[in-house]
1. Condition (residue is surrounded by 15 or more Cβ atoms within 10 Å (Cβ to Cβ), in contact (Cβ under 8 Å) with a residue 24 or more places away in the chain, under 14 Å from V132 (Cβ atoms) and among the aromatic types (F, W, Y)) applied to region 369-382: is it met by at least one residue?
2. Do we have R287 as buried (at least 18 other Cβ atoms within 10 Å of the Cβ) and either within 30 Å of Y250 (Cβ to Cβ) or over 21 Å from the mean Cα position of the chain (by Cα) (or both) here?
3. Which condition from (1) among the hydrophobic types (A, V, I, L, M, F, W, C); (2) farther than 17 Å from V132 by Cβ; (3) at pLDDT 95 or above is the one that I258 breaks?
4. Consider A270 carefully, then state whether it is small (G, A, S), closer than 22 Å to R346 by Cβ and either modelled with pLDDT of 95 or more or not in a strand (DSSP E or B) (or both).
5. Among the residues of region 216-228, are any small (G, A, S), without any contact (Cβ under 8 Å) to a residue 60 or more places away in the chain and more than 30 Å from R274 (Cα to Cα)?
6. Just the residues that are more than 30 Å from D100 (Cα to Cα) and surrounded by fewer than 16 Cβ atoms within 10 Å (Cβ to Cβ), please, taken from region 144-168.
7. Only residues that are more than 12 Å from L44 (Cβ to Cβ) and either in contact with a Pro (Cβ under 9 Å, 6 or more places away or on another chain) or aromatic (F, W, Y) (or both): list them for region 74-101, please.
8. For region 379-393, which residues satisfy the criterion of being modelled with pLDDT of 90 or more and either aromatic (F, W, Y) or more than 27 Å from V351 (Cα to Cα) (or both)?
Amino acid sequence: MASKIINVTLPGNAGLLIGLMTLFPGAVNAAQWYSESSTRAQSLYDDNIRLTSGAHDAVVGMVLAGTIKTGRRTETTDLHLNGEAALKKYSGEEDLDTNDFDIGIAATHRTERDEFTLNAAIKLDSTLSSEVAGSGLMQARKRRIEKNFALSWTHALSERTSLKLGYNYIDTEYKNSKNSGLVNYTYQVIDSMLSYSLNQKTVLYSTLALSTYKGSDSAKTKTEDLGFMVGINHNFSETFSAGGGIGMRYADTESRSIQKRNDTGYLLSANFKRTFEQMTVDGLFSRNVLPSGGGALLVTDKLSVKAGYRVDERLSLHLESIIYRNASTDEEDKSRDRVFYSIQPRVRWRVARWWLIEGSYRYRRQRYDATGQAADSNAIFLTAKYIWPAKPSAGLW
């Protein structure tokens with residue numbers, strides 16, 4: 001059943017995949033194609049979907065979505081195309097309907113001591129969801145077009161030491177965004193990581209990253225940020241692992257309205273994962289830099305905790321909570337400083353082998369420091385999902 005879905009892949013994607021195969025010769029003699037896909041239907045109610053402190057109405061919505069991943073895999077190479085389409089319709093407020101698309105290509109090739117990866121994607125979505133982690137500007141629905149390209153190379157220097165070099169480029173554009181506070185931007189990162197295994201349980205690492213953020217339109221903002229971090233990851237047992245890192249960063253910012261300014265700060269990272277017989281809990285805290293549609297590179301504190309409890313083979317309970325604390329790298333500009341948090345419990349029931357039913361409640365709140373204005377949202381979701389069996393196929397057609 002899954003192989004039939006491949007026939008609806010957008011024209012040209014197969015050609016792109018074949019082109020990538022010429023860059024990774026090991027894929028030519030690959031054994032089999034594979035495909036994975038799913039569909040979901042979701043109904044929702046949200047009393048403040050824009051997360052605005054102004055006048056608003058509650059909305060009722062319906063989301064129809066489908067995902068597909070198809071490619072070819074060998075012992076050394078994996079090439080695949082992935083895509084997602086979501087049709088979102090709402091009633092209760094105007095100008096909320098949107099059709100979102102996400103199409104990407106990924107390639108991985110491994111040799112005895114090296115691993116090469118390439119990822120390229122284009123995403124069309126709405127600011128109703130895309131600005132949650134960054135600017136928080138969800139009040140006016142605008143179309144966002146994000147293009148992403150990333151390369152990385154990992155080389156084993158010895159049995160215990162490895163070096164990873166990477167490059168990432170993001171180009172983000174907002175359609176009809178005049179007077180919305182949104183700014184088109186590009187973001188580039190060159191980074192490296194050196195890892196050393198003390199033993200089978202403990203890994204030491206150091207990272208170095210140089211990023212450049214450029215905001216277009218009226219802001220003309222440019223920020224260059226250099227960050228360095230050292231850290232450790234340790235497996236205490238088969239069921240418990242944790243890690244952490246600390247570092248420093250330095251940024252230079254200039255724009256049309258201000259002279260060049262610099263900013264220094266610290267970077268942090270901490271994570272853990274604990275697995276019980278029927279339950280899994282993992283958490284993450286980080287302080288890092290994040291590109292934003294608000295016209296600035298942001299220093300972001302992120303705290304997230306996820307938990308899952310398996311009641312039986314069919315029923316499971318889940319909880320996801322997240323907090324963002326964002327501030328501009330320009331310490332004198334407080335207009336983008338904000339706090340956002342969200343908590344969402346879920347109940348998931350596997351009706352049949354390939355069918356899932358999920359119900360959830362979500363509470364969100366955000367507040368901007370400059371104005372003191374706050375907004376919150378209560379939402380209820382009911383989702384039905386079907387996952388097609390992932391079976392290998394002899395070919396694309």
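The values are calculated or read from the model by the stated rules, or taken from the named source; none is laboratory data. If you're wondering where the values come from, they're calculated on a predicted model, not measured in any experiment. Don't worry about glycine lacking a Cβ; one is built from the backbone with ideal geometry, like all the others, and counts go over all protein chains shown.
1. No, that holds for no residue.
2. yes
3. If we test I258 against (1) among the hydrophobic types (A, V, I, L, M, F, W, C); (2) farther than 17 Å from V132 by Cβ; (3) at pLDDT 95 or above, just (3) comes out false.
4. When the stated conditions are applied, A270 does not pass them.
5. Step one: filter region 216-228 for residues small (G, A, S), giving 216, 218-219, 227.
Subsequent filtering for residues that are without any contact (Cβ under 8 Å) to a residue 60 or more places away in the chain retains 216, 218.
Next cut, more than 30 Å from R274 (Cα to Cα) only: 216, 218.
So far as region 216-228 goes, yes, one or more of its residues are small (G, A, S), without any contact (Cβ under 8 Å) to a residue 60 or more places away in the chain and more than 30 Å from R274 (Cα to Cα).
6. Selection gives W153, H155, A156, L157, S158, E159, R160, T161, L163, L165.
7. Answer for region 74-101, where residues must be more than 12 Å from L44 (Cβ to Cβ) and either in contact with a Pro (Cβ under 9 Å, 6 or more places away or on another chain) or aromatic (F, W, Y) (or both): T77, F101.
8. Quick first cut of region 379-393, residues modelled with pLDDT of 90 or more only: 379-387.
Once the filter is applied, which keeps residues that are modelled with pLDDT of 90 or more and either aromatic (F, W, Y) or more than 27 Å from V351 (Cα to Cα) (or both), region 379-393 yields F381, Y386.
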